[in-house]
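FYI, it's all coordinate maths here, none of it is from the lab. Just so it is clear, the model here is predicted, and its values are computed rather than measured. No Cβ is skipped: glycine too gets one built from the backbone with ideal geometry, and neighbour counts run over all protein chains shown.
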Amino acid sequence: MTLSGIFIVLMGVYCIYLKQNKSPLSKSLFNLHLGAIVSTVLYNISLITTNLLSAYFITSLYYISIHFLVILLTDFIFIFTEMSSSPKYKKFIKVFNKIWLYVFFVDSFILILNPFFHHEFELSGLFINHNVFLCWNAKYFWMFNIHLYLCFALSAVIFGILLVKIIKANRFYKSKYISVFAVFLITLAVNIIFLKSKTNLDFSVLFYSVFSIICSCFTLVTIPRNIQNEMLKQLSDNINIGIFCFNLERKCIYSNNTAKKFFLAKDEILNELKSLLALRKDFVKRNIEIKQDDKTLTLAEEFSYLLDSQKKAYGYILKLNDITEELYKASEELFDSTHDALTGLLTRDTFYSETEKILKSDPNSQYYMICTNIKNFKLVNDLFGSEKGDEFLKEFAKKLKNTQSKTILTGRITGDRFAILINKTEVDEIDALQKIKELEKFTVSLNYKLHIFVGIYKITDINENVSSMFDKAALAIKNISENYSVNVAYYDNDMLSILKKNHEVINAFDDALNNNHFKMYLQPQVRCSDEKVVGAEALVRWETEKGVIHSPASFIKILEDNGLIHELDKFIWEKAVQLLQKWQLLGIDHHISVNVSTRDFYLIPLYETFTSLVKKYGIPPQKLKLEITETALVHDLKRHKKIITDLQKFGFTIEMDDFGSGYSSLTILKNISINILKIDMMFLSKTKHKERSKKILESVIKMAQKLGIKIIVEGVEDKEQAEFLKNLNCDFFQGYLYSKPITVANFESNYISKTNISGGTR
């Protein structure tokens, strides 16, 4: 009885705990505990009751409570195995409970009637020495077996449900079902043993209490905790962070699988712990490197003390995270954000910021800012496509890095403009020119020769805006002449005024073109044999609203450098054709020569433009002579040859201008059938060896005559020159001896009405 009292108290305490929990499982366990308490109390009362009728009633109630206890156990099993929450079994459980409730009432009613009819069991007192009452001895009849069979039927249901659940359950959850199943079997076995034995004391009632308590422990505490621990272990073993736990004696009491991969030897991790403890800090966060399989891993390390609720240390925890890949990706992202995607060089902003850092960190050294520019690179994209242009820039950047091994920084600023920061001591102009030539040789791969220009700015103020430094280096490039004989230029302060002037020209161009501020001037071309005017060269002047006339030298190159010359050329060409139409209607048989710029070959469909013009105004193509500089022809002979040939086939006369002025090449004459060769008298005037020059000129004229090429000599300024050229059988003259470039009105006034010109006006 004392043992029973202990169990009753334990279950009562547990009931208080379970009452606070509102979950269905806790409620079923509460009911199970309450049922076990009632059964135990009733059994103990039956043992001490001495009145026979009372004993009958209490014993009957005890057997009823046992039946009800098994029902409560069944309800617990339904909830415990999650059958009650499954839609598949809900209907079955509902019907089952309803049926069994009726069965329970019938069984209870029959048991309640036993004190009167003794149809289930009969009690008789057991005495010591014939007068001392010990307990009641029960004699059972066949009707009692129905009660037993009902209880065992429910037990069989419980047995079957638990067995199926054990078979089907995940390994994580098998243990909780096996534990309850084992305690259930023990309780059932004890009950069966009591029934088969002849003992008068039912010890199985104690096992009901034990079973109830164990179910609570396993279902609410032990098993869930074990499952939780197993899950945490699985989770810990499958994360990429290594975890070591140490006690205060520095013994490793736990490590997950990842941690074991980082430190295979026990000594290694202990040495790492010692190094961390030596820092005497409660928390350490740092990166460390370890060697593993010929690779170096970077680990993010976190070390801290394990503290209890009173902030006292009871151990240490060390976390290790492999950030090798993360750092690599971060490095890649940093590279991508600071380097040009196409060339791999520094971006503009990064180049500027890094330059600023270098200059301020070393203020006593002298540095140069260098700008490289690929002349007319836009034409590469226009001619060959942006993909080819990008490919070229990548290769150019690679070559640039290789040829500038001593540079501090190299960056791509924009398009085809690259910047270089270099120490003054490393600047060697001769070496630089050689490297430029090597880079230019590389452009041959395009079948289009490009020229590399270099602008250099000597940095005098380290606090100057870096973008301004680069702009000055780029501005120096604008000072490089168009003949490409010089590739390198140094910045000076006068260039700012030049730049300002250039901007003024560019800004005013569109307005001037739209308002006819550009005027066509004509310089007469005279036939050598009779000195008659047979045509003229069309030239251009810029006349402002105030009447100021700007010579071509003040704006032509600026327009060429900024890709606007083709607009002006088309304007003059149309003016020339309009004038030819007017002359044709007046019966005047003069021609006009118009200039074709190098840029025009790339920016305008020349064949379509010129053929459309003469068709539009109805003039013979022979009357519009096309004057192309030798420089333009040399620049891209293969491409230009086709265009020129097609124009000649249509009927146009092609003049090659500036022959012998500095870029002479007999290759042109060999490959292109030029109609007229134009020679500048500067060939003679700008030399100390005039006699030698005369002989060369004489040879050129004779060669041209043998090739069937007519000769125009421009720059003829005196009679001596004219006589010399007549003796050489030149075809045409042009120069101040006859007239400077004049307005159309003056040209028509002076030369259209006259048929014979014996001299000219200056």
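Among Met681, Met469, Met520, Met83, which comes first, second and so on when ranked by fewest other beta-carbon atoms within 10 Å?
Details: Met681 20, Met469 27, Met520 23, Met83 17.
Ranking Met681, Met469, Met520, Met83 by Cβ neighbours within 10 Å, fewest first, gives Met83, Met681, Met520, Met469.
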Per residue Cα convex hull volume for the range 503-752, in cubic angstrom? 138
Distance (nanometres) between label positions extended 7 Å along Cα→Cβ at Lys174 and Asp589: 11.7
Using the beta-carbon distance between Ser361 and Ala278 and R0 = 35 Å, what value does 1/(1 + (r/R0)^6) give for FRET efficiency, to the nearest 0.05? 0.50
For a label point 7 Å along the Cα-to-beta-carbon line of Glu567, residues of the range 494-534 with backbone N under 12 Å: 505-515
Glu723 to Ser554: FRET efficiency via 1/(1 + (r/R0)^6), r the Cβ-Cβ distance, R0 25 Å, to the nearest 0.05? 0.10
Residues Met369, Met682 arranged by fewest to most Cβ contacts within 10 Å: Met682, Met369
Per residue, how much space in cubic angstrom lies within the convex hull of the C-alpha atoms of the range 532-610? 130
Can you return the aspartates and glutamates within cross-link range of Lys90? Criterion is Cα-Cα under 19 Å, with same-chain partners fewer than 8 residues away left out. Asp75, Glu82
Packing-based order for 452-461, 377-386, 718-727, using average beta carbon neighbours within 10 Å, highest first: 452-461, 377-386, 718-727
Starting from the Cα of Lys329, draw a straight line to each of the lysines and keep only those under 23 Å, dropping any in the same chain fewer than 8 residues away. Lys261, Lys285, Lys291, Lys295, Lys319
Could you list, in their original order, any pairs among Lys615/Lys642; Lys375/Lys616; Lys91/Lys196; Lys615/Lys638; Lys378/Lys546 whose Cα atoms are separated by more than 30 Å? Lys375/Lys616; Lys91/Lys196; Lys378/Lys546
For the range 493-522 and the range 236-314, what is the separation of their Cα centres, given in Å? 74
Packing-based exposure ordering (other Cβ within 10 Å, fewest first) of Trp573, Trp100: Trp100, Trp573
For the range 589-605, take each phi angle, set θ = phi - 60°, evaluate the Karplus expression 6.51 cos²θ - 1.76 cosθ + 1.60, and give the result in whole Hz per residue in order, putting x for glycine and proline. 9, 10, 10, 10, 9, 10, 8, 10, 6, 4, 5, 4, 4, 9, 9, 10, x
By how many nm would the segment from Asn746 to Glu268 grow when fully extended, if each residue of separation counts as 0.36 nm and the alpha-carbon distance is taken off? 161.9 nm
Ratio of the Cα radius of gyration of the range 317-420 to 2.2 N^0.38 Å, where N counts its residues: 1.38
Starting from the Cα of Asn287, step 7 Å toward the Cβ, then list every residue of the range 312-344 with an amide N under 15 Å from that point. 321-335
Sort the following peptides by mean Cβ neighbour count (other Cβ atoms within 10 Å, averaged over residues), highest first: 174-186, 70-82. 70-82, 174-186
Could you tell me the calculated FRET efficiency between Gln622 and Lys378, based on Cβ-Cβ distance and R0 = 45 angstrom, to the nearest 0.05? 0.85
Extension gain from Lys424 to Phe116, taking 0.36 nm per residue of separation minus the Cα-Cα distance: 98.4 nm
